[in-house]
1. Of all residues in the stretch 114-135 being open to solvent by 60 Å² or more (accessible area, probe 1.4 Å) and not in a helix (DSSP H, G or I), which is modelled with the lowest pLDDT?
2. If Val111 satisfies all but one of (1) open to solvent by 80 Å² or more (accessible area, probe 1.4 Å); (2) of a type in the set (A, V, I, L, M); (3) assigned to a loop (DSSP other than H, G, I, E, B), what's the number of the condition it fails?
3. Could you look through the stretch 18-44, keep only residues that are within 18 Å of Glu54 (Cα to Cα) and of a type in the set (S, T, N, Q), and pick out the one that is surrounded by the most Cβ atoms within 10 Å (Cβ to Cβ)?
4. Looking for whichever is within 18 Å of Phe129 (Cβ to Cβ), part of a helix (DSSP H, G or I) and touching a strand residue (DSSP E or B) at 6+ places or on another chain (Cβ under 8 Å) here; the options are Arg195, Arg189. Which one fits?
5. Is it true that Asp160 is under 21 Å from the mean Cα position of the chain (by Cα), more than 14 Å from Met132 (Cβ to Cβ) and either free of Cβ contacts under 8 Å to residues at least 60 places away in the same chain or buried (at least 19 other Cβ atoms within 10 Å of the Cβ) (or both)?
6. Take the residues of the stretch 1-56 that are in a loop (DSSP other than H, G, I, E, B) and β-branched (Val, Ile, Thr): which is nearest to Ser79 (Cα to Cα)?
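The values are calculated or read from the model by the stated rules, or taken from the named source; none is laboratory data. As the structure is a prediction and not an experimental result, all values here were calculated from the model. Here the Cβ positions follow ideal geometry from the backbone for every residue, glycine too, while neighbour counts run over all protein chains shown. With ligands, DNA and RNA removed, areas are computed over all heavy atoms of the protein, side chains included. Shrake-Rupley method; radii C 1.70, N 1.55, O 1.52, S 1.80 Å.
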Amino acid sequence: MLVESFLEYLKSERNYSSATIVSYATDLLQFEAFFESLKEDITWETVSSSVIREWEICLLDEGKMTSTSVNRKLSALRSFYRYLAKMGKVEANPTLKVVGPKNKKRLPVFVKEKSMDKLLELMKEDVGFLGMRNRLVIQMLYLTGMRRAEMLGLTDESVDFVQKQIKVTGKRNKQRLIPFGEELEISMREYIKEREAAFPYCGKFFVSKSGGPMTEADLSKVVRTSLARVTTQKKRSPHVL
């Protein structure tokens, strides 16, 4: 019941996404199965920091879990125990004495400015609705730093040509405004005109080749195939833009 009430709290009061809630549930149930396997009559209320450290060591010793993944699981556990403490279900928070493994720092992957300039110039030659849409996708990701989900969630109402800003909805439904310049404005206006001539409005700003809302797979494919024209780097996801 404790886990269920916590997940409901994340959903109704913290407005977490369904994917995040499923992830939290998986981590918490995995830890619960672990301490129950110790056969020491341990409950959520009596879990000690040593039990959590034992679980952490177990995850790392299996060799299938990176330090990043282990820290994510510990983060879920910390959030859960903060909730239990807030609700008065536990007297002490056992996660306060637990330190997660150090994560290896990786250098960020990005596309060089010269390569991006070359790509956008090449894409000017791509004709038709798809050519125009694909170029705008690359432009918008590159010039605004918008996330994939934010882009897919755009509607025509998200774009304010008067104020020259785009309203995006990010994680936990937080909204922010992104300004844009003349270059992006021209591309968006041309795209909207081309889209309206080809398809009835489906409720989303970016549409697929059949006229429906553009999907994550569609967007990833556009970025991957476009970047392949100017770079051989392995990582060619929207994030690198």
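1. Among residues in the stretch 114-135 that are open to solvent by 60 Å² or more (accessible area, probe 1.4 Å) and not in a helix (DSSP H, G or I), the one modelled with the lowest pLDDT is Val127.
2. That leaves (1) as the condition not met.
3. The selected residue is Gln30.
4. Just a single option satisfies the conditions, and that option is Arg195.
5. Criteria not met by Asp160.
6. Ranking the candidates gives Val47 first.
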